[in-house]
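The values are calculated or read from the model by the stated rules, or taken from the named source; none is laboratory data. On a predicted model such as this, the values are computed, not experimentally measured, just so you know. A quick note on method: Cβ atoms are made from the backbone with ideal geometry, for glycine too, and the neighbour counts reach across all protein chains shown. Heads up: the accessible areas ignore ligands, DNA and RNA and are worked out on the full protein's heavy atoms, side chains in. Shrake-Rupley method; radii C 1.70, N 1.55, O 1.52, S 1.80 Å.
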Amino acid sequence: MNTNYKDTRAAIVCSHIATKHLPILRAIRTEPLEPEDSGWQFLCNSGEEEGDDEAQVWLVSEILGLEPSLSQFVNLPVGTKLSRKDKSSKWDQI
C-alpha cells in the first residue's frame, strides 16, 4: 500500500472491495456526518447484495493507496459521483 497519502478522514468501503479485493468502480460523496468523516463511499458496483453492517470504514489515505487514480477527486464537493466500467477505465463524473 502506498503511504504517501496523508488524508486521515474516514470513508465507507463496500465489503467486496475490503474482503474480496474487487476494484472500486463507483464513488459517491455525501454530506459528512462527523468532522472526521469525508463523506465518501467507495463501491465495487458488482450488483452483489451487501448488508449495511458489512461495509467497512477506512481512511481516505488507505483508499488512495489502493486506488491512486482517485487522488484527483477526493477534494471535490459533496454530491460528486464517479463511475468507471472496469479497473483500467478512466473515471467519469456522473
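Under the classification rounded if a/c is under 1.5, otherwise prolate if a/b is larger than b/c and oblate if not, where does the range 5-52 fall, given a ≥ b ≥ c as square roots of the Cα gyration tensor eigenvalues? Prolate shape, in that a/c is at least 1.5 and a/b is the bigger ratio.
Set the Förster distance to 22 Å, then compute FRET efficiency between T30 and D92 from the Cβ-Cβ distance, nearest 0.05. Intermediate results must be reported in sequence, preceding the final value.
On the way: r = 19 Å, r/R0 = 0.85.
So, using R0 = 22 Å, E works out to roughly 0.75.
Run the numbers for N75 and V57: contour at 0.36 nm per residue of separation, minus the present Cα-Cα distance, in nm.
On the way: separation 18, 0.36 × 18 = 6.48 nm, distance 1.81 nm.
Difference between extended and current length: 4.7 nm.
What whole-number value in Å² describes the accessible area per residue of the chain for a 1.4 Å probe? Walk me through the numbers on the way to the answer.
Working: 5750 Å² over 94 residues.
Value for the chain: 61 Å² per residue.
What do you reckon, how do L33, L76, L59 stack up by accessible area (1.4 Å probe), largest on top? Show your work: numbers first, answer last.
Working: L33 145, L76 45, L59 70 Å².
Heavy-atom accessible area, descending, gives L33, L59, L76.
The share of accessible area on the chain that comes from carbon and sulfur is 50 percent, using a 1.4 angstrom probe. Ranked by the mean number of other Cβ atoms within 10 Å of their residues, highest first, the peptides 81-90, 42-51 come out as 42-51, 81-90. From the alpha carbon centroid of the range 14-54 to that of the range 71-94 is 13 Å.
Taken along its principal axes, the alpha carbon cloud of the chain reaches lengths of 31, 30, 28 Å, longest axis first. Straight-line cross-link reach from K6 at under 23 Å between alpha-carbon atoms covers these lysines, not counting any fewer than eight positions away in the same chain: K81. Figure note: I17, I94, I28 ranked by solvent-accessible area, largest first, 1.4 Å probe, ligands and nucleic acids not counted: I94, I28, I17.
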